[in-house]
Amino acid sequence: AMVAFAQVALGGAPRDVEVMRWINSGNFEVAWALRFDTLSSVMCVVVTLVSAMVHVYSVGYMA
């Protein structure tokens, strides 16, 4: 999440990450891909940080 955020924030352009090609037949091509624009990269960073804080809290609570 941090790498994608840095690339989008510094580069300014959305990034496409192709996960896999699903259908490839002649000129017809369908791929599964993720698109990271500014909003989605910020949301990934927020979700990553909140889940890390929950993890740290739960480890401390269970100890």
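Each residue of the stretch 21-27 is assigned a 3J(HN,Hα), and the resulting list reads 8, 9, 10, 9, 9, x, 8 Hz, derived from the Karplus form 6.51 cos²θ - 1.76 cosθ + 1.60 (θ = phi - 60°), x at Gly and Pro. Couplings 3J(HN,Hα) of the stretch 57-63, computed from phi: 4, 5, 5, x, 6, 7, 6 Hz, in residue order, whole Hz [Karplus 6.51 cos²θ - 1.76 cosθ + 1.60, θ = phi - 60°; x for Gly and Pro]. Relative protection proxy for 34-42, 55-63, from highest mean packing down: 34-42, 55-63 (other beta-carbon atoms within 10 angstrom). For the chain, the longest principal axis of the alpha carbon atoms and the long axis of helix 2-11 meet at an angle near 60°. Comparing 46, 17, 30 in a Gaussian network model of the chain, where Cα atoms under 10 Å apart are tied by springs, the biggest mean-square fluctuation is seen for 30. Taking the Cα atoms of the chain, the ratio Rg/Rh between the radius of gyration and the Kirkwood radius comes to 1.22.
Each Cα pair under 8 Å and six or more residues apart adds its sequence gap; the mean of these over the residue count of the stretch 8-63 is a relative contact order of 28 percent.
No value in this document is a laboratory result; all are computed from the given coordinates. Here the structure is a predicted model, which is why all the values come from computation and not from measurement. Glycine gets a Cβ as well: all are built from the backbone with ideal geometry, and neighbour counts include every protein chain shown.
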